[in-house]
1. Considering only residues that are among the aliphatic types (A, V, I, L, M) and in contact with a His (Cβ under 9 Å, 6 or more places away or on another chain), look in the stretch 183-197 and name the one that is least open to solvent (accessible area, probe 1.4 Å).
2. Can you pull out the helices (runs of 4 or more DSSP H) entirely within the stretch 159-266 that have at least 3 residues that are modelled with pLDDT under 75 and more than 30 Å from residue 124 (Cβ to Cβ)?
3. Regarding residue 108, is this residue modelled with pLDDT of 90 or more and out of contact with any helix residue (DSSP H, G or I) (no Cβ under 7 Å at 6 or more places or on another chain)?
4. Quick one: would you say residue 167 is closer than 23 Å to residue 107 by Cβ and not aliphatic (A, V, I, L, M)?
5. Looking at the stretch 111-138 only, could you name the residues that are touching a Pro at 6+ places or on another chain (Cβ under 7 Å) and modelled with pLDDT under 90?
6. How do the pairs read when you match residues in the stretch 98-122 that are open to solvent by less than 60 Å² (accessible area, probe 1.4 Å) with residues anywhere that are in a loop (DSSP other than H, G, I, E, B) and not hydrophobic (A, V, I, L, M, F, W, C), using Cβ under 9 Å and keeping only pairs 6 or more apart or on different chains?
7. Pairs, please: C-beta under 8 Å, at least 6 apart or cross-chain, first residue within 30 Å of residue 41 (Cα to Cα) and in the stretch 67-88, second basic (Lys, Arg) and modelled with pLDDT under 70?
8. Where residues in the stretch 142-154 are out of contact with any Gly (no Cβ under 7 Å at 6 or more places or on another chain) and assigned to a loop (DSSP other than H, G, I, E, B), which of them is farthest from residue 48 (Cα to Cα)?
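The values are calculated or read from the model by the stated rules, or taken from the named source; none is laboratory data. All of these numbers come straight from a predicted model, not from anything done at the bench. Cβ: placed from backbone, ideal geometry, glycine included. Neighbour counts: every protein chain shown. Each accessible area value is taken on the protein alone, full model and side chains, heavy atoms only, with ligands, DNA and RNA left out. Shrake-Rupley method; radii C 1.70, N 1.55, O 1.52, S 1.80 Å.
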Amino acid sequence: PPSVDSTRQTVSLVLEENTLNCEKNVPKICGGAQLVIGAFLLWTHRQYSPIVKDQFWEPFAVLIVLGLVSQLLCYLGWTSTSRKHRCYLGTFCAFLVLLIVILFLVSGWSVATKAHLITPAELAIESSFGEFLAKDSTKDQTHIWNRLQRDYHCCGYNGIHDYKKVGVPWSCYDPINSKVFNAGCMHVFVKSIEMNMVRVAVVAIASALIQSLGIFCVIQLTMLLRRPTIMLPNGENHSIRVKRTREMTPLSAANISNPTPHSSTKPPIPLKPVATRVDPPVIKPSSH
């Protein structure tokens, strides 16, 4: 019926529009999140990276690069959906799958880095703290160790006992209640780096899972492109589902005697004559 066909066309148009929006916006949102979070983590780490000899910054930078790649992939998705060409859609899908695989690898790399950073981080922090004490920089307010102790609310390498010979610096005191920070900076700073690695892993996995929706969007759009299209008054092409109807025409003797060019060239099978059935007369007995 016409109402059923119009309903199917409306559903098809809505599905195609949602598919296009999904394919365009998903990489853009995920890429923007990777850029913002990766830049923030890298900026936070670079504030105190000299303490760990400028190590452990690579996962943050890779997350930023993958965010830029997601933005470029968003442009490719926009181009492929605008042209509605299956070749462009296949290229977009291939790059999207590659990006998702890399995101999962980055997530695993971040977790592995978290598990193996304790020893090199401890050695680097111990060496940096020894230089801080050797140069007697405890009164320098701009020194990186004073800023670390003030911002992370820690004191010394393992605690306040590390300043027995030189005196406790001002950065080890809480400016609100003038209490001394008891936690050592080595444990606090290493834990902070580990948490940042976990954040990178979580962002990478979440981005990979969300962008996996783009694969289903590409598949759905490819299926829609297989259907015929109609031209709307506003000049846009939309795919519709065309239902083919078959009309049954009665077979007449003329069609049998005059076959069409597409019909079989064999002569028609002659019909067998059918004899009419004659019932025998019924003889009624006569009554005397």
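1. 193
2. Result: 213-225, 253-257.
3. On the way: modelled with pLDDT of 90 or more: yes; out of contact with any helix residue (DSSP H, G or I) (no Cβ under 7 Å at 6 or more places or on another chain): yes.
In short, yes.
4. The answer is no for residue 167.
5. Correct list: 138 only.
6. Sorted first by the residue in the stretch 98-122, then by its partner, the pairs are 100/212; 117/55; 120/53; 120/55; 121/55.
7. 74/24; 77/24; 78/24
8. So the first thing to find is which residues in the stretch 142-154 are out of contact with any Gly (no Cβ under 7 Å at 6 or more places or on another chain), and the list is 142-153.
If we keep only those that are assigned to a loop (DSSP other than H, G, I, E, B) as well, we get 142-143, 153.
Working: 142: 12, 143: 11, 153: 14 Å.
Once the filter is applied, the top-ranked residue is 153.
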